[in-house]
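The values are calculated or read from the model by the stated rules, or taken from the named source; none is laboratory data. Predicted model, so just to flag it, every value in this text is computed and none were measured. Cβ atoms come from the backbone with ideal geometry, glycine included; neighbour counts cover every protein chain shown. SASA here: full protein model, heavy atoms, side chains in, ligands and nucleic acids out. Shrake-Rupley method; radii C 1.70, N 1.55, O 1.52, S 1.80 Å.
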Amino acid sequence: MRDDNSPISATEAKALLSHWRDSPALVLAVSGGPDSVALMWLAARWRKGFSRGPRLIAVTIDHGLRKESSREAREVKRLAHRLGIEHRTLRWTGTKPRRGVPAAARDARYRLLVRAARAVRATHALTAHTRDDQAETLLMRLLRGSGIAGLSAMARQSERDGVLLARPFLDVPKSRLIATLSKAKIAFADDPTNRDTSYTRPRLRALMPKLAEEGGDVRSLVRLAARLARANAALEVLADGAERYLALRNRNDAARFGFDASAFAGLSEEIRLRLLMRAIDRAGHEGPAELGKAETLLAALDRAIAKGEGRLKQTLAGAVISLTGGRIHIEPAPPRRARKR
């Protein structure tokens, strides 16, 4: 086992990045911090190992939340050019929210990364999330009451608007990336918001040493996330089978989804919940259904079905869910009317 403070070798970097060897182009998300700078440096060294390989484009998202951000973006650009990598800086413009800034910034970052990837016809956007980030994500979602899917934390690869987001360093501790840059004498930026305890993630980060004393170290938390991801994958397979069994999509109306209420009621609660959320997400137009609200809706459906001739009609996430004639229908809700001032 490698020491958690040892630099990443060229051989290891090759193994970590080999999956994308045949991609036409790769976007690298590089903020200027140690993790993302290490990603850019390792990717540049990896790319030099063969005559033909993906085009590398480093993208820095300037959120405009700190006065140093523009300077840091310029420093990333200088390093990228030194390494022979193209660089783009994209800015998060417009009014910033007063609350929920980290979540809004994250959404903006991914939106801009996807836009950059499409512009250069990149199949993937690589981020430098580490094993430490995975452990912190699990804790954050645990405290928010996430279900099994959320507690699986970050996937190695996920899709967003047609672009694949890849995280090659999820098994790598942050300390190894810092050691890699130290050995290469590569400088990186220090973002003080990473220690700002007015935000949730830095507060949880500060608790990690105490959790480790009780056995909840980073390795244990990441192992738990992996086990939950395994369980979630198995449940998704069961949900797929149940979806086929119920003939979820009503062939008479491509925009309408439905279930036979009695057959639906015979499934386990977790599978019923997943099928309900899938149908709402397909029919709705207001984003993914929230787990807690979907659980409340499922409980109401179960009570109505148990009454035999029970009736129900509710709206969730831009979808109308109704129970009539022994069948549950899920269809798009009419657009909301703008409120008059």
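Results, tabulated for the structure shown:
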{"quantity": "Candidate residues Arg109, Arg115: accessible-area rank, largest first, probe 1.4 Å", "calculated": "Arg115, Arg109"}
{"quantity": "Note, ³J(HN,Hα) from phi for region 225-242, Karplus 6.51, -1.76, 1.60, rounded to Hz, x at Gly and Pro", "calculated": "4, 5, 5, 5, 5, 5, 5, 5, 4, 5, 5, 5, 5, 5, 5, 4, x, 5"}
{"quantity": "Ellipticity estimate at 222 nm from DSSP helix runs (n ≥ 4, -39,500 (n - 2.57)) divided over the chain, nearest 500", "calculated": "-15000 deg cm²/dmol"}
{"quantity": "Given charges at Cβ of Lys, Arg, Asp, Glu: the chain dipole, positive-most of Gly266, Ser146, Tyr110", "calculated": "Tyr110"}
{"quantity": "Per residue accessible area in Å² of the chain, where ligands, DNA and RNA are left out and the probe is 1.4 Å", "calculated": "57 Å²"}
{"quantity": "Candidate values (1) 23.9, 79; (2) 19.2, 61; (3) 23.2, 73, label of the one derived for Rg and Dmax of the Cα atoms in Å", "calculated": "(3)"}
{"quantity": "Hydrodynamic radius of region 257-341 per Kirkwood, over alpha carbon pairs, in Å", "calculated": "13.0 Å"}
{"quantity": "Computed magnitude of the charge dipole of region 36-113 (debye, nearest 20; Cβ of K, R +1, Cβ of D, E -1)", "calculated": "40 debye"}
{"quantity": "For Met277, net neighbour charge (Lys/Arg +1, Asp/Glu -1) across residues whose Cβ lies under 13 Å away", "calculated": "-2"}
{"quantity": "For the chain, share of DSSP beta bridges that run antiparallel, in % to the nearest 5", "calculated": "55 percent"}
{"quantity": "Within the accessible area of the chain (1.4 Å probe), percent carbon and sulfur", "calculated": "50 percent"}
{"quantity": "Cβ charges +1 (Lys, Arg) and -1 (Asp, Glu), total dipole of the chain, debye", "calculated": "1320 debye"}
{"quantity": "Karplus-derived HN-Hα couplings along region 295-308 (A = 6.51, B = -1.76, C = 1.60, θ = phi - 60°), whole Hz, x at Gly and Pro", "calculated": "5, 5, 5, 4, 4, 5, 4, 4, 5, 5, 5, 5, 7, x"}
{"quantity": "Per-residue ³J(HN,Hα) for region 168-180, Karplus 6.51 cos²θ - 1.76 cosθ + 1.60, θ = phi - 60°, Hz, x for Gly and Pro", "calculated": "x, 9, 5, 9, 9, x, 4, 4, 6, 5, 5, 5, 5"}
{"quantity": "Set of lysines with alpha-carbon distance to Lys293 below 20 Å, sequence-local pairs under 8 removed", "calculated": "Lys313"}
{"quantity": "Diffusion coefficient, µm² s⁻¹, Stokes-Einstein with Kirkwood Rh over alpha-carbon pairs of region 110-235 at 25 °C and 0.890 mPa s", "calculated": "152 µm²/s"}
{"quantity": "Distance histogram in 5 Å bins (all Cα pairs of region 69-117, percent per bin)", "calculated": "5, 18, 21, 23, 19, 9, 4, 1"}
{"quantity": "Long-range HN-HN contacts of Ala319 with modeled amide H, under 5 Å", "calculated": "His285, Ala333"}
{"quantity": "Candidate lysines - alpha carbon under 25 Å from Lys14, same-chain residues fewer than 8 apart omitted", "calculated": "Lys48, Lys77, Lys174, Lys183, Lys185"}
{"quantity": "Computed E for Ser70/Asp4 - FRET, C-beta separation, R0 45 angstrom, nearest 0.05", "calculated": "0.85"}
{"quantity": "Region 176-230: trypsin sites (Lys or Arg not before Pro) in DSSP coil with no more than 16 other Cβ atoms inside 10 Å", "calculated": "Lys185"}
{"quantity": "Separation of alpha-carbon centers, region 171-230 and region 53-130, rounded to whole Å", "calculated": "21 Å"}
{"quantity": "Burial order of peptide ranges 12-19, 134-141, 119-126, 100-107 (average beta-carbon count within 10 Å, highest first)", "calculated": "134-141, 119-126, 12-19, 100-107"}
{"quantity": "Set of lysines near Lys96 by C-alpha distance (under 16 Å), chain-local residues within fewer than 8 positions excluded", "calculated": "Lys67"}
